[in-house]
Structure formats: C-alpha cells, structure tokens
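The values are calculated or read from the model by the stated rules, or taken from the named source; none is laboratory data. Just so we're clear, the structure is a prediction, and the values are computed from it rather than from any experiment. Here Cβ is always computed from backbone atoms with ideal geometry, including for glycine, and neighbour counts include all displayed protein chains. Each accessible area value is taken on the protein alone, full model and side chains, heavy atoms only, with ligands, DNA and RNA left out. Shrake-Rupley method; radii C 1.70, N 1.55, O 1.52, S 1.80 Å.
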Amino acid sequence: MTGSPHGADGPSPAAGPPSVSVVVCVYTQERWEDILAAVDSVRAQSRPALETLLVVDHNPVLLDRLRARYADTAGVHAVRVLANAGPRGLSAGRNTGIAAARGEVVAFLDDDAVAERDWLRWFTEAYADPAVMAVGGRTEPVWASGRRPAWFPEEFDWVVGCTYRGLPRGKVRVRNVLGGNASFRRTAFDAAGGFATGIGRDGDKRPLGCEETELCIRLTRARPDAVLLIDDRAVIHHRVPAGRERFGYFRTRTYAEGLSKALVARSVGAGKGLESERAYTGRVLPAGVARGVRDFVLARPGGAGRAGAIVAGVAAAAGGYVLGTLRARTGRAPGFSVTAIDPGAVDAGAVDAGPAGAPGGSGTGKAEETGAAA
C-alpha cells in the first residue's frame, strides 16, 4: 500500500470538477444518530455532492424510517433512500448505490463516520488527472472511551476501519484505497465490474473485509494505466464502539482478515493480492514491535501490550489465511461473485419508492462467478 507522490497535472480546471454521488450503506437502527450525522456531514461539504444515496441492507423498518426522514429533500442536498437490490451484505449494498448513482464519481462513506468539510473537495480535485480512477482519504478513529486503548497498536488501526501507521502520508499512489473513505470514477465500474459479493461484511456477522482490495486490483488489471491515490487531506472521523476496543474483537478481526486475504489471493493471485502485505509485515510491524519493547523498557504505558498485540495479530491473520487457503483448495471456501454494474437496468422509481423490504430495483447486471466454490 506504499507508493510515490503522483502529480496533479491534468486537463484544464475550466471544465469544472466532476459531479459526485455519495453512497452510505446502512443496516441497523442502532446507528440511527450516526447515520444522520454522516448525511449531515455530506450535506455540509464545501464542494456539494450531487446526491446522497442511503442504501438499506434488508431492514424494512429502517428503510421506512429513513424514507420518512428524508422524504422532502431535493436539489443540491438531495438524499435518496434505496433498498439493497442484491444479497445481504456491504458489497451488494455498494453495488446498488453504484447502479443508481447519477454522478461522474461515486464516493463511499461509512454509516458511523462523519466527513470533514473539504472531504469532497480533495477527492474531486484529484480527478483533474484523467488517469486517476480512484481516490481515498485518511480515516481517524473516534474511540468510545475517549482515547486509544494503551495496548492498541497504531499499526493495526485497520482493524477498526481507520488509517494505520505504515500507510504513506500526503498524496500518493497506492495499490488500493480503503472502502469506508473512498471514491471511484463511474467508468471504473464499467471497466472492472462492481464489488465482489461474498467477501465483505454482512451486518454483525464475522468481520470479513478486503472487497475494496480485490476490486482495486481487478481495476488495475482491466485498466493498466489506471492511477489510484490516497490524499490524506480528505479526512473522515470514524466512531469506534466500546466493543471494538477489546482484544477479543481485535483477535477476531485479524483472523477474519486472513480469511479474506485468502479469497483475494484466490481471485487475483497471491503475487498482487499480498504485495503490500509483504512490505507491511516485513518492515512496518517489526518496527512496531521494537517501539513497544522500547516503551516497555522505558516504563511507558502499554509498550508490552502493543508489542504483544502486534505478534498476536500477525499470528491470527496468518492462521486465517492458512485455513482460508486450505478451504479454497478443498472446495469449501465461501462462494463469491463479481457483478457487472448496469445503470440502464435500474428503474429509479422502483428503487426509490418500492415497498419496504422489497428489492428497490435490479441495481445489478449479470453475476459472473469467479471460480470460488459456492
């Protein structure tokens, strides 16, 4: 995930910035206040979004409640509420949003995060370069306890969906963006298809991930000239609930990451699928352990805990990867598929106003199997 600075030279800004649709995938009423805060942060952008799309993951009560809440929105701050048109899970929800989006760029914001005022400004400015196909930003944790747990290493902030120590700073070229704070040209999905279902999260079930990694690698294979960037001026603040501050969640999430990496490696090959991870485990993590040991020797709080957590996290992820690889080889891995996004197949009226709980429209095209066992 490391890279080198990429220049911002491109076409004349006279053409104006691209229009942006912001997709926020939601699934539970327990995050009601978080959802409203996320939408408010999009509506307060210095560079306004064309629209905000709330995609509800098979929760009829939440769907009705959000439709009532945003029934009267229109114009520059329009909010459209859609039902996930695919199988349950984050990937299908994002694909529904992509298919319904009207913007030239589709941005994604987690439902428990708020964006800083210039978030979309930094995204859109990067697209002045026609080679840029995706832009991500920096995600800062907001800990429920008010501060980072002393034992929690910054090198593992990806466990809670945030930017971690080891990612390059500034505006740099990367292998993949991080899904909760990301944007793509609409044409990227024409070239590569949508997010693969069967890899990412499904509500509160085992916290799998890596769907954005798999998509980004697939995109650069389909478009070898594509440039993917992170601009750390595009900042969001991501809420970390108390349950995710505990070591039990840390262990579960790192294990699930290993399972997910095995699926990615099966889809795109271990060479590209683990390219950044090799540098991360070979350079970033040993340095983190060394810092933890040093802090322990100097009697600083949490040093031994951080060093131990790094070792435990690596072991859990490696265990998940080995098991996931064995399952794939024996035909017992979860099936996943890549969906071709077809905006022409979306009936906007059906998506926006369909009966509660029903798929709001097709939102997808033909599902193409990747070869993983179903």
Pairwise label distance in nanometres, A304 with L36, each label 7 Å out on the Cα-Cβ vector: 4.6 nm
Per residue accessible area in Å² of the range 124-262, where ligands, DNA and RNA are left out and the probe is 1.4 Å: 33 Å²
Pairwise FRET efficiency - D190 versus Q29, Cβ, R0 = 45 Å, nearest 0.05: 0.85
Residue-span extension gain [R294 to R148] - 0.36 nm each, minus C-alpha spacing: 50.7 nm
Tensor-based shape of the range 110-200 (alpha-carbon gyration tensor, a/c under 1.5 rounded, otherwise prolate or oblate): prolate
With every protein chain in place, the range 30-129: carbon and sulfur % of accessible area (1.4 Å): 48 percent
Whether the range 29-183 is rounded, prolate or oblate, judged on the alpha carbon gyration tensor where a/c under 1.5 counts as rounded: oblate
Segment A222-R246, length gained on full extension (0.36 nm per residue, minus Cα span): 4.6 nm
FRET efficiency for R69 and D118, using Cβ-Cβ distance with R0 set to 25 Å, rounded to 0.05: 0.45
